[in-house]
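The values are calculated or read from the model by the stated rules, or taken from the named source; none is laboratory data. The structure presented is a predicted model; accordingly, all values stated were derived computationally and were not measured. FYI the Cβ positions are ideal-geometry reconstructions off the backbone, even for glycines, and counts take in every protein chain you see. The area values use the complete protein model at the heavy-atom level, side chains included, leaving out ligands, DNA and RNA. Shrake-Rupley method; radii C 1.70, N 1.55, O 1.52, S 1.80 Å.
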Amino acid sequence: MIVLGSSGSIGLNALRLAREHNLKVEALACKSNLKVLNSQIKEFAPKLVYIDDDSLKPLVNHKFVFSKNDGIESFLKACSDEIGSTKLINAFVGFDGLTPSVLGLKLGFDLALANKESLVVGGQFLDCAKITPIDSEHFGLKFLLKDRPKIHRLIITASGGAFYNRDIAALKDVSVEDALKHPNWNMGAKITIDSATMVNKLFEVIEAFWLYGCKNIDAYIETKSLIHALIEFKDGSTTAHISKPDMRLAIAHAIGLGNQRIIENLDIQALQNITFELVDLDRYRAFSLKDELLKNPKIGAIINAANDEIVAGFLSKKVKFNSISDAIFDALDKFSSFRLDSLESVVEINKKVKDYIKIRYNT
């Protein structure tokens with residue numbers, strides 16, 4: 001397999017599975033974590049390596065290293081020429097994951113997608129039938145859909161994030177450190193903040209639309225993160241996907257390890273007192289965009305760009321937590337008439353929105 005984002009949470013879990021199940025790692029790519037990348041090169045001996053930071057390229061302990069100046073496109077083309085068709089895990093964070101997803105499918109790779117932004121901003125340009133999702137919710141939906149009657153409604157669940165029990169009035173003053181304390185999952189900083197705002201769940205709704213072609217999608221808060229997805233079928237039956245919160249399960253199925261023991265089964269008694277709650281739209285303002293996004297999925301490119309820039313500003317302590325949802329609505333008001341009918345227009349709006357948010361919110 002090829003792992004894009006090898007130093008992040010998904011990448012590390014994928015390589016843990018490769019280690020445990022003796023899988024060949026053909027190529028590795030990361031943003032800038034030189035120490036982790038060199039350690040992975042030593043252990044897995046990949047044929048090709050990519051590091052986004054050009055200044056670190058000479059320090060990578062490998063003969064065949066690509067960096068930003070070479071382009072991720074050149075790296076993937078070299079992988080295609082050198083390695084051939086194989087499993088491509090795209091665990092890059094943010095908008096940077098779109099190009100590898102588009103090109104990976106064109107090159108014939110079997111795409112295991114953890115980069116939700118690829119679908120949020122560019123689902124219309126991807127052959128979604130050829131994508132295997134790496135996400136606990138979407139893995140759960142895929143698992144439940146096998147040989148079933150027609151779908152009535154898709155349901156995904158949310159933990160509620162770091163501030164589920166926090167007084168709404170106090171959210172304007174919460175710290176970055178508190179926002180990064182997710183109750184159930186160990187994730188990267190960006191996605192942990194997106195969980196606290198429920199933007200992550202908004203993105204997962206549009207992911208589910210692109211992956212499964214259903215617009216009747218809802219999300220409920222299930223604070224224990226044990227029930228990840230449910231499907232209501234037209235015959236009146238409902239199925240649920242239940243497991244411990246461990247991303248190795250979704251990754252394992254995406255890379256073909258679904259028939260092996262990956263994690264321990266959940267003790268069924270842990271399901272006592274499970275509740276499903278409606279999403280409080282006063283607390284999670286951005287999630288109120290769900291229906292509008294499902295009606296017009298193209299605006300995902302605007303929402304994603306605004307969220308990327310403002311979350312970066314919050315993580316660097318330049319803006320308040322509540323500014324995140326403010327910036328998203330602000331960007332939609334400003335750019336809602338922008339035509340998004342090509343990959344070039346998606347790239348253009350990504351830059352325009354980020355530049356606008358950077359100036360308006362001083363990020």
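In table form, for the structure just shown:
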quantity: Search result, residues across the range 275-297 that are assigned to a loop (DSSP other than H, G, I, E, B), loosely packed, with under 13 Cβ neighbours inside 10 Å, without any contact (Cβ under 8 Å) to a residue 60 or more places away in the chain and not hydroxyl-bearing (Ser, Thr, Tyr); calculated: Asn296
quantity: Which numbered condition Ile89 fails, given (1) of a type in the set (A, V, I, L, M); (2) out of contact with any Gly (no Cβ under 8 Å at 6 or more places or on another chain); (3) closer than 21 Å to Ala114 by Cα; calculated: (2)
quantity: Wholly enclosed helices (runs of 4 or more DSSP H) of the range 155-232 bearing at least 1 residues open to solvent by 20 Å² or more (accessible area, probe 1.4 Å) and either among the small types (Gly, Ala, Ser) or at pLDDT 95 or above (or both); calculated: 189-197, 199-212
quantity: Complete set of residues in the range 117-132 that are in contact (Cβ under 8 Å) with a residue 12 or more places away in the chain and surrounded by fewer than 24 Cβ atoms within 10 Å (Cβ to Cβ); calculated: Gly123, Gln124, Phe125, Leu126, Asp127, Cys128, Lys130, Thr132
quantity: Residues of the range 80-138 satisfying the condition of being among the charged types (D, E, K, R), modelled with pLDDT under 90 and within 25 Å of Glu222 (Cβ to Cβ); calculated: Asp135, Glu137
quantity: Selection from the range 41-79 of residues that are in a helix (DSSP H, G or I) and within 24 Å of the chain's Cα centre (by Cα); calculated: Ile72, Glu73, Ser74, Phe75, Leu76, Lys77, Cys79
quantity: Filtered residues of the range 98-112 (kept if closer than 12 Å to Lys130 by Cβ and polar (S, T, N, Q)); calculated: Ser101
quantity: Of all residues in the range 315-363 being outside any helix (DSSP H, G or I) and touching a Lys or Arg at 6+ places or on another chain (Cβ under 6 Å), the one that is modelled with the lowest pLDDT; calculated: Thr363
quantity: Pick from the range 40-68, criterion more than 22 Å from Leu88 (Cβ to Cβ) and among the polar types (S, T, N, Q), ranking: least open to solvent (accessible area, probe 1.4 Å); calculated: Ser55
quantity: Options Ala270, Ala305, Ala301: the member that is more than 26 Å from Ala170 (Cβ to Cβ), small (Gly, Ala, Ser), assigned to a helix (DSSP H, G or I) and touching a Gly at 6+ places or on another chain (Cβ under 8 Å); calculated: Ala301
quantity: The lone exception for Ala112 - which of (1) outside any helix (DSSP H, G or I); (2) open to solvent by 10 Å² or more (accessible area, probe 1.4 Å); (3) hydrophobic (A, V, I, L, M, F, W, C) it fails; calculated: (2)
quantity: Subset of the range 233-243 (residues that are assigned to a strand (DSSP E or B) and open to solvent by 20 Å² or more (accessible area, probe 1.4 Å)); calculated: Thr238, Thr239, Ala240, Ile242
quantity: Odd one out for Lys142, checked against (1) closer than 26 Å to Ser80 by Cα; (2) open to solvent by 10 Å² or more (accessible area, probe 1.4 Å); (3) in contact (Cβ under 8 Å) with a residue 12 or more places away in the chain; calculated: (1)
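Residue by residue, here is whether (1) more than 28 Å from Val102 (Cα to Cα); (2) touching a residue at least 40 places away in the same chain (Cβ under 8 Å) holds:
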| residue | (1), (2) |
| --- | --- |
| Ile299 | no, yes |
| Phe321 | yes, yes |
| Phe335 | no, no |
| Phe338 | no, no |
| Ile349 | no, yes |
| Val353 | no, yes |
| Tyr361 | yes, yes |
